[in-house]
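Trainee: Dumping the structure here so I can ask a few things about it.
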Amino acid sequence: MKSLLLSAALLLPLASAQGAPPITGAAPMLSLSAPVGTGVEYQTTTTSRTAVSNVQVMALPGSDASAEDLADIKRSLLAGMAGNVTVKGKLFYRVTGRDADGNVTLLSSVVQSVPGQPPVTLRITQTVARDGTVGGLKFESDNAALNAAFAGLDPQKLQELAGQNNANLAGVYGQPLVKGQPRSQTVTLDATGLLSGLLGAFASQAELPSLFGQIQSTPLQVTTVTTYGGLNAQGLHTFTQSSKYDRWQVKLGGSDDLPAMNFELAGGRASGTQTYRKDGLPGPLTQKTGQTINMTVEMDGVQVALTMTVDQSVTATLR
């Protein structure tokens, strides 16, 4: 489970910030006009390339680890953490309701696969008002631990988690479609609750109380620039985004069977293109992210310090 905790922690900085202040003017706006029952399914492909450098392994005071033991750990880390991983998944959108006031209920389903673990399904329900305001966000899963984590998150943290799963529609609908005009927004995310929810996907129910009580993180500040690019050759509205992540730190573990782990996001960036159909349903997307992470782990009398460079690409294409 410890290696999965590490993998989950490294995924957090990929959370996107899609909200942006409205632009004044009389330009047309993106609206969710798809009839009830309309749905679309995409196949997602996530490819991660990890490089490891600056590996230092040392025995802590009182440890009986030999020089040979330390060398074996270093070799194992270099062989086991670096490399390429490609994961397939699914992403569904379906309009499930529309009331007399024009409020539209949209269901997003995300099937995420983690190597060595059964697939985890997230169902994200949200309501889009006539003016584009998004509310009523609700998360459900087939994983009981995840449901328990969702129950403890406030609406803002749920929006942040939706952004990580390409389902945060806040700041999309009701926005004037002004081609070539960038919109910039800087947001500060409280990453502790998000990290708790993510790690909960890979821990047993019995481990959750101990796990959630050991997470500490500094706020994560993200600056995102969104630019509308008009209609593409397929008639889809296109938006390009670029994000920059400020330095971020998180600490977890250090008691029970959890090792003490410290992470520092020393550099992070993201860019991509999100499309929307003319009826407002999300279309295919591409995203690339890069991050440099300094990590320190202490367990079994040994301290490991290293730097990881993770480059990830995500695509969602029609099935």
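The values are calculated or read from the model by the stated rules, or taken from the named source; none is laboratory data. Please read these numbers as outputs of a predicted model, since none were measured by experiment. Calculation scope for accessible area: heavy atoms of the full protein, side chains included, ligands and nucleic acids excluded. Shrake-Rupley method; radii C 1.70, N 1.55, O 1.52, S 1.80 Å.
Trainee: Taking the full set of protein chains and a 1.4 angstrom probe, give the accessible area of residue 279 in square angstrom, rounded to the nearest 10.
Mentor: Here the accessible area works out near 30 Å².
Trainee: Right, here's the next one. I need the phi-derived Karplus couplings for the range 49-61: 6.51 cos²θ - 1.76 cosθ + 1.60, θ = phi - 60°, integer Hz, Gly and Pro marked x.
Mentor: 10, 10, 10, 10, 9, 6, 6, 10, 10, 9, 7, 7, x
Trainee: Between residue 189 and residues 5 or more places away or on another chain, which pairs have amide H atoms under 5 Å apart, with H built 1.01 Å from N, and which residues are they?
Mentor: 220, 221, 222
Trainee: Moving to a separate point now. Would the range 84-124 count as rounded, prolate or oblate if I go by the C-alpha gyration tensor, calling it rounded below 1.5 in a/c and otherwise prolate when a/b exceeds b/c, oblate otherwise?
Mentor: prolate
Trainee: I'd like the accessible area for residue 247: 1.4 Å probe, protein heavy atoms, all chains in place, Å² to the nearest 10.
Mentor: Number for this one is 140 Å².
Trainee: Going by amide H atoms built from the backbone, whose H comes under 5 Å of the H on residue 29, apart from near neighbours?
Mentor: 177
Trainee: OK, next. Non-local amide H neighbours of residue 142 (under 5 Å, H modeled in plane, Pro and chain starts lacking H): which ones?
Mentor: The answer is 121.
Trainee: In whole Hz, what ³J(HN,Hα) sequence does the range 228-234 give by Karplus (6.51, -1.76, 1.60; θ = phi - 60°), x for Gly and Pro?
Mentor: Karplus-based 3J(HN,Hα) across the range 228-234 equals 7, x, x, 8, 8, 5, 8 Hz.
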